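Report on one structure; see the data block that follows.
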Amino acid sequence: MTETLWLLIEVGVKALFIISMILSAAAVLVYSERKVSAFIQNRIGPNRVGPVGVLQPFADVLKLFMKEDLVPRAADRRFHSLAPIISLGVAISVYSVIPFAHYVQIGERIIYMGIAPNVNVGYLFILALTSVGVYGVTLAGWSSNNKYSLLGGLRSSAQMISYELSMGLSIIGVFMLAGSFSLNDIVLQQEGLRWNIFLQPLGFIIFLVATFAETNRAPFDLPEAEPELVGGYNTEYSGMKFGMFFLAEYANMATASAIISLLYLGGWQLPFSYNLIGLEAGSVSLAIVQFLCFLLKILVLCFFFIWVRWTVPRFRYDQLMNLGWRKLLPLALLNIVLTGIAMMIWG
Amino acid sequence: MEDLLFYLFAFVVIGSASVVVLSKNIMYSAFSLLFTFFGVAGLYVLLFADFVALTQIMVYIGGILVLIIFGVLLTTKITGVDIKSGTTGKVQLITASVVVVIIAISLILLFTNVEWVNQEFVQPNTTIDSIGFAFMTKYLLPFEIAAVLLLIALVGATLIARRK
């Protein structure tokens, strides 16, 4: 029984840490998105709240909390409030299989840095959860009882379902190399600079594009295309319910960056052997260095996400579907065949 | 602990499944199926069938239920009539109840009369390996036939959609 208790405490502490990480990551991302977009568009960006505007996201959150929570009279109340919970819940639960560093050894006890990083269906869990994420958006669009919301919700779910396929197929090459679905195994296999991005360049590009579509980010942000849809599936949301969708979007961006870096950029692995800087396996300092390395990769990728959003114009709907079904899907299948042939030759 | 989780998931499954059957609003029925599938996936996890659990979520929640919900969403307003499952008459209600009772009784009889063998349980390290090997060796032919069948269905669906 004490063993179960310890396990519960351990998981609870990790979960608290992860949730606070996600919330602060969302704040950092909102701020940097506004600053980077301002820089790209030759503006100044937020500069009133705090020095250089760093407190802006907190002011935003405070504003969202203070706002009145409006629900349209024709809306379906139950689903209207359930939808943002599903969206945010899915975005956060994905982190339960993501490893942040390898492990810390305290006495006999080995503590892995993640809630369940070694579970052998790791990536499948993420795929399953992203397919649940569709419901948050569809529900929001339908329950608002608003044309624009419904259109936004339908577009979004069609887009997510279409790109899920190429996303799932493009990473099969990575699984073939690692021989496992566990995210920790995949990271361990990319020791040193044997990153999958070099071994799987085609798969990486397909996965990157599909991720942009999955997270509804520009250039695939059709679900919330402002000029045509007012605001998309979240048009009828206000106050903290809108805030939850907003948070989910940025949490998804951070998740997507984390997954890309785990699968293709070596995850928490340092680009050189840890003996080189005199650290031991299982020590706390090594775990911190690995965590910082992982965080750096995530931040660079997040910056890339923001950069793309303010550089590339939005796709048209038919272009989006063509790209997904006619180009990415066959290329993803080709990638599997090529990986198989390469493994046969160099085995 | 495991018992507690089992009853939790069982409660979720039965509760949401009864909403599916009893709700007058077909959207509510469709969405409570979501929780039914989730609960069943949870039960699979308790049986150490993690791969089956995730496949259940991906296939049923990520694929089939989305189709059902799209169907409901996009057709309710076309006919001009609100689709409500409450429009079914008493005849259907009685026949359905009789069928359900018969099935329940036969299941209970089956459960009590068969002598179940308790096999010694070995917790598998990973279930994916054994499932993959079984598919590629012993059950290769049924696996391939199922794949071809699905391909035919896919091509057929595209053909029907194109004709319009």
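Restricting attention to the range A:18-75, report how many residues are farther than 21 Å from A:ALA91 by Cα and touching a Gly at 6+ places or on another chain (Cβ under 6 Å). Counting residues in the range A:18-75 that are farther than 21 Å from A:ALA91 by Cα and touching a Gly at 6+ places or on another chain (Cβ under 6 Å) gives 7.
Looking across the range B:115-139, the residues that are surrounded by fewer than 10 Cβ atoms within 10 Å (Cβ to Cβ) and closer than 20 Å to B:VAL45 by Cβ come down to B:GLN119, B:PHE121, B:VAL122, B:GLN123, B:ASN125. Each residue in the range B:23-57 was checked for being facing another protein chain (nearest Cβ under 10 Å) and closer than 17 Å to A:VAL137 by Cα, and 4 pass.
Meeting the requirement of 3 or more residues that are at pLDDT below 85 and either out of contact with any Phe, Trp or Tyr (no Cβ under 9 Å at 6 or more places or on another chain) or surrounded by fewer than 22 Cβ atoms within 10 Å (Cβ to Cβ) (or both), the helices (runs of 4 or more DSSP H) wholly within the range A:200-300 are A:226-229, A:239-264. Considering (1) closer than 22 Å to B:THR126 by Cβ; (2) assigned to a loop (DSSP other than H, G, I, E, B), the lone condition that A:ASN145 does not fulfil carries the number (1).
For the range A:130-146, filtered to residues that are open to solvent by 20 Å² or more (accessible area, probe 1.4 Å) and more than 13 Å from B:LEU73 (Cβ to Cβ), the residue that is farthest from the other protein chains (Cβ to nearest Cβ) is A:ASN146. Within the range A:70-104, restricting attention to residues that are among the basic types (Lys, Arg) and out of contact with any Phe, Trp or Tyr (no Cβ under 9 Å at 6 or more places or on another chain), the residue that is surrounded by the fewest Cβ atoms within 10 Å (Cβ to Cβ) is A:ARG73. Does the range A:28-35 contain any residue that is open to solvent by 30 Å² or more (accessible area, probe 1.4 Å) and within 14 Å of another protein chain (Cβ to nearest Cβ)? The answer is no; no qualifying residue exists. Checked against the criterion of being within 14 Å of chain B (Cβ to nearest Cβ), polar (S, T, N, Q), assigned to a loop (DSSP other than H, G, I, E, B) and touching a residue at least 60 places away in the same chain (Cβ under 8 Å), the candidates A:SER162, A:SER180 yield just one match: A:SER180. Tell me, yes or no, whether the range A:136-157 has at least one residue that is under 21 Å from the mean Cα position of the chain (by Cα) and under 18 Å from A:ILE260 (Cβ atoms). Within the range A:136-157, none of the residues are under 21 Å from the mean Cα position of the chain (by Cα) and under 18 Å from A:ILE260 (Cβ atoms). Taking each residue of the range B:115-141 that is closer than 16 Å to B:THR55 by Cβ and looking for partners that are among the acidic types (Asp, Glu) with beta-carbon atoms closer than 9 Å, six or more apart or interchain, yields B:THR126/B:ASP50; B:THR127/B:ASP50; B:ILE128/B:ASP50. For the structure I just gave you, tell me whether A:ILE186 is within 12 Å of chain B (Cβ to nearest Cβ), among the β-branched types (Val, Ile, Thr) and in a helix (DSSP H, G or I). Here the answer is no, as A:ILE186 does not meet what is asked.
Based on this model, can you work out whether A:LEU338 counts as surrounded by 17 or more Cβ atoms within 10 Å (Cβ to Cβ) and not in a loop (DSSP other than H, G, I, E, B)? No, not satisfied. Applying the criterion of being more than 22 Å from A:ILE306 (Cα to Cα) and among the hydrophobic types (A, V, I, L, M, F, W, C) to the residues of the range A:50-69, the residue that is least open to solvent (accessible area, probe 1.4 Å) is A:LEU64.
The values are calculated or read from the model by the stated rules, or taken from the named source; none is laboratory data. None of these values were measured; they are calculated from a predicted model. Glycine also receives a Cβ, built like all others from the backbone with ideal geometry; neighbour counts cover every protein chain displayed. In case anyone asks, the SASA skips ligands and DNA or RNA and just uses the protein heavy atoms, side chains included. Shrake-Rupley method; radii C 1.70, N 1.55, O 1.52, S 1.80 Å.
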